[in-house]
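Inspection log for the structure reproduced underneath, given as structure tokens.
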Amino acid sequence: MADTLDKALSGISGILVTPYDAAGGIAPEKLAPVIDRALGAGMHIPVVNGNTGEFYALTTDEACTMAREVVALVDGRAPVLAGVGRGIRDACKLARVSADAGATALMIHQPPDPFVAPRGIVDYLNAVADASGGLPMMLYLRNDSIGTKAIADLCAVPGVRGVKWATPNPLKLAEAMAACDPSITWVGGLAEVWAPPLYAVGARGFTSGLINVWPERSMAIHAALDGGDYALANRLIAGMRVFEDIRAEEMNGTNVTGVKAALIAMGLDCGPTRPPSAWPLTPDQQARLDAFLSANNLKQGKRT
């Protein structure tokens, strides 16, 4: 099981959207065709309750439901990484539910509390691990300013198996890797665009929101990087860059908006995003997205 998880983490962590129905409630059943296509393309490990899943827009009860339903929809076809976070009691509740549902491992969101201390995160991780009954953990590191020593302390917590490195700083990543147990799996946490420079210093695998929309392209980029063909990987990334550029606009406020707007255009309506995410795309953003989807035969009725 350990080898299976490590291999999956070094692949593509596909961050699934959270679908909503017409009344604004969660509608996990709408994910079925998205998951089926992504797994059919080879996605290594689906992720529920990640940021592309609007984790911070969900109630804890909604996040618990999503964990249960996504594990059921995956139905043993791949390991499932379940995101947990927020206040310690919510995080522990979600860890217990995710473990009971059959999640393979937990992705621990870096606590956004304004008064967070690195040694306090150690206590947080230990509490979450206890609540889950000892599920393996991946750290979701969005702020590397805590320093290499603090990162090494977090990685030394029993049960930590990987780090999703989500800061655009390859040199600090290299320092952290050198300071930590070599068995830790370091994953590029800034999606396809940042995968090549993070791979260059030793990261393996990457997170992807594109996997919801164009899993075949994500898989091709992963294969190129795993094969050491950076030129091919960069050409493939250039061909999807407009999609990521749209998602990065408005202070990343269109990150999930771009994915959900694309799914609607593809006939896989997973609903809008919840505020404070931007919704809908602006006319200019939508026009660029439509052109991207048309150029790559991704619109409804044209998918291959």
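Residue pairs, Cβ under 6 Å, 6 or more apart or interchain, first in region 193-213 and under 28 Å from Pro33 (Cβ atoms) and touching a residue at least 40 places away in the same chain (Cβ under 8 Å), second aliphatic (A, V, I, L, M) and outside any helix (DSSP H, G or I). List them.
If the second residue must be aliphatic (A, V, I, L, M) and outside any helix (DSSP H, G or I), the pairs left are Gly205/Val187; Thr207/Ile15; Ser208/Ile12; Gly209/Ile15; Ile211/Met43; Asn212/Val17.
Provide a single number: the residues in region 78-95 that are assigned to a loop (DSSP other than H, G, I, E, B) and under 20 Å from Lys7 (Cα atoms).
3
Yes or no, residue by residue, for (1) without any contact (Cβ under 8 Å) to a residue 40 or more places away in the chain; (2) outside any helix (DSSP H, G or I); (3) not assigned by TED's automatic domain parsing to the domain that holds Ala278:
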| position | (1), (2), (3) |
| --- | --- |
| Ala32 | no, no, yes |
| Leu39 | yes, no, yes |
| Met43 | no, yes, yes |
| Pro46 | yes, yes, yes |
| Thr52 | no, no, yes |
| Ala67 | yes, no, yes |
| Leu73 | no, no, yes |
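Among the residues that make up region 230-241, is at least one of them under 27 Å from Ala23 (Cα atoms) and within 22 Å of the chain's Cα centre (by Cα)?
Checked against the condition, which is being under 27 Å from Ala23 (Cα atoms) and within 22 Å of the chain's Cα centre (by Cα), region 230-241 yields no hits at all.
Taking region 282-304 only, how many residues are hydroxyl-bearing (Ser, Thr, Tyr) and part of a helix (DSSP H, G or I)?
Within region 282-304, residues that are hydroxyl-bearing (Ser, Thr, Tyr) and part of a helix (DSSP H, G or I) number 1.
Residue under question is Val256, and the condition is that it be part of a helix (DSSP H, G or I), touching a helix residue (DSSP H, G or I) at 6+ places or on another chain (Cβ under 7 Å), among the β-branched types (Val, Ile, Thr) and crowded, with 24+ Cβ neighbours inside 10 Å; does it hold?
Here the answer is yes, as Val256 does meet what is asked.
Here is a check on your reading of the model: is Val34 at pLDDT 95 or above, under 30 Å from Ala127 (Cβ atoms) and not charged (D, E, K, R)?
no
Looking only at region 265-281, decide whether some residue is surrounded by fewer than 16 Cβ atoms within 10 Å (Cβ to Cβ) and in a helix (DSSP H, G or I).
Checking region 265-281: not a single residue is surrounded by fewer than 16 Cβ atoms within 10 Å (Cβ to Cβ) and in a helix (DSSP H, G or I).
Any residue at all in region 82-103 that's touching a residue at least 12 places away in the same chain (Cβ under 8 Å), among the acidic types (Asp, Glu) and more than 19 Å from Pro136 (Cα to Cα)?
Taking every residue of region 82-103 in turn, none turns out to be touching a residue at least 12 places away in the same chain (Cβ under 8 Å), among the acidic types (Asp, Glu) and more than 19 Å from Pro136 (Cα to Cα).
In this structure, is Gly83 in contact with a helix residue (DSSP H, G or I) (Cβ under 7 Å, 6 or more places away or on another chain) and buried (at least 21 other Cβ atoms within 10 Å of the Cβ)?
It is true that Gly83 is in contact with a helix residue (DSSP H, G or I) (Cβ under 7 Å, 6 or more places away or on another chain) and buried (at least 21 other Cβ atoms within 10 Å of the Cβ).
Say whether the condition of being in a strand (DSSP E or B), at pLDDT 95 or above, at negative phi and out of contact with any His (no Cβ under 9 Å at 6 or more places or on another chain) is met by at least one residue in region 208-226.
no
Collect the residues in region 96-132 that are under 22 Å from Asp75 (Cβ atoms) and outside any strand (DSSP E or B), keeping them in residue-number order.
Once the filter is applied, which keeps residues that are under 22 Å from Asp75 (Cβ atoms) and outside any strand (DSSP E or B), region 96-132 yields Arg96, Val97, Ser98, Ala99, Asp100, Ala101, Gly102, Ala103, Thr104, Ser132.
The values are calculated or read from the model by the stated rules, or taken from the named source; none is laboratory data. Just so we're clear, the structure is a prediction, and the values are computed from it rather than from any experiment. FYI the Cβ positions are ideal-geometry reconstructions off the backbone, even for glycines, and counts take in every protein chain you see.
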